[in-house]
């Protein structure tokens, strides 16, 4: 049995769903694509991308001893295809409805890395997406899928629902055959994007992406994009869900990657009541926890504003006096979408409290208020 076959068998035994081998190098076009992406500012506020671009663009800069890379995929396919939820419910991305995948994936990567180091007497390094690794080009080079027009990896066997991880090896192993692009003329993912975040195929403008806006973006979400977010409070699955290759998708086999019932379609009104302690408790072990309570409530309030449900005004109103300016602004915007001008004027004594500093937010809310309400 070859070393590659032995590693592949062990990885599958540990629960990985896709295994491939690539050289510890990136094609020049992948490096140029990264440079152009950063130069155009399409990374938004993700400053860690340009700061670590040298390591991201060359695996040997990240670890000079690296010669080969084991690229691994872990299927997180949902039991049922994601669908639109009622407007009073929060839509959380499929990948965040269960235990934080970093914990699940890293545990398996470390187990595989230890086994390789002990069995084949070599140095190894394991990486998940918190490290500056261009994992999708490496995964394509290792044959486990291709980077689709939505910039995510697509697998012929598993569709779009794959977490990726890597084990860098100091061993020089033969690479697998790279996977070919199989998107063809299809552009369903591009056309389905609610915010039109793809200026051209195979390129995403993170500044318009709902996943970026609800997770990575720390400040106020641009007003023009807020109505397009709908009830998505953490991430977005639209471009993945519409991919025709998902006809081959399978439900996740790992118990840790099965959706938690309380994260599948939670009520917006209930989420709006969470203080910091309750937020941390509710989302313990979930990736949602990392955005913090203020950004989370910003997203919930935008979803409330998009709901069109008058009864949700009661959930938004207490946040007019929230300690966080980010939350206060979102509350004013949400109420402006749900209230009449007369109702908004009734909130003015609260929102003009000089200690809260939300007079400008109130003006914005008045702009949103419709005379027809």
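With the condition being crowded, with 21+ Cβ neighbours inside 10 Å and touching a residue at least 40 places away in the same chain (Cβ under 8 Å), I'd like the helices (runs of 4 or more DSSP H) fully within the range 39-121 carrying at least 1 qualifying residues.
53-57, 59-62, 101-120
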Selection within the range 266-276 - assigned to a helix (DSSP H, G or I) and under 16 Å from residue 327 (Cβ atoms): 268, 269, 271, 276
Would you tally the residues in the range 308-326 being farther than 23 Å from residue 283 by Cα and buried (at least 20 other Cβ atoms within 10 Å of the Cβ)? 1
For the range 1-17, enumerate the residues that are in contact (Cβ under 8 Å) with a residue 40 or more places away in the chain and over 12 Å from residue 166 (Cβ atoms). 3, 4, 6, 7, 10, 14, 15, 17
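Restricting to the range 196-242, count the residues that are in contact with a strand residue (DSSP E or B) (Cβ under 6 Å, 6 or more places away or on another chain) and outside any helix (DSSP H, G or I). Steps first, please.
Step one: filter the range 196-242 for residues in contact with a strand residue (DSSP E or B) (Cβ under 6 Å, 6 or more places away or on another chain), giving 210, 214, 231-232, 234.
Then keep just the ones that are outside any helix (DSSP H, G or I); that gives 231-232, 234.
Residues flagged as in contact with a strand residue (DSSP E or B) (Cβ under 6 Å, 6 or more places away or on another chain) and outside any helix (DSSP H, G or I) within the range 196-242 amount to 3.
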Conditions (1) more than 20 Å from residue 105 (Cα to Cα); (2) touching a residue at least 40 places away in the same chain (Cβ under 8 Å); (3) not in a helix (DSSP H, G or I): number failed by residue 251: (1)
Test each condition in (1) outside any loop (DSSP other than H, G, I, E, B); (2) closer than 22 Å to residue 216 by Cβ for residue 285 and report the one that comes out false. (1)
Considering residues that are without any contact (Cβ under 8 Å) to a residue 60 or more places away in the chain and either more than 27 Å from residue 258 (Cα to Cα) or assigned to a helix (DSSP H, G or I) (or both), the number found within the range 122-141 is 5
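Read-outs throughout are calculated quantities, based only on the coordinates presented, and are distinct from any laboratory measurement. As the structure is a computational prediction, the values presented were derived from the model and not from experiment. Here Cβ is always computed from backbone atoms with ideal geometry, including for glycine, and neighbour counts include all displayed protein chains.
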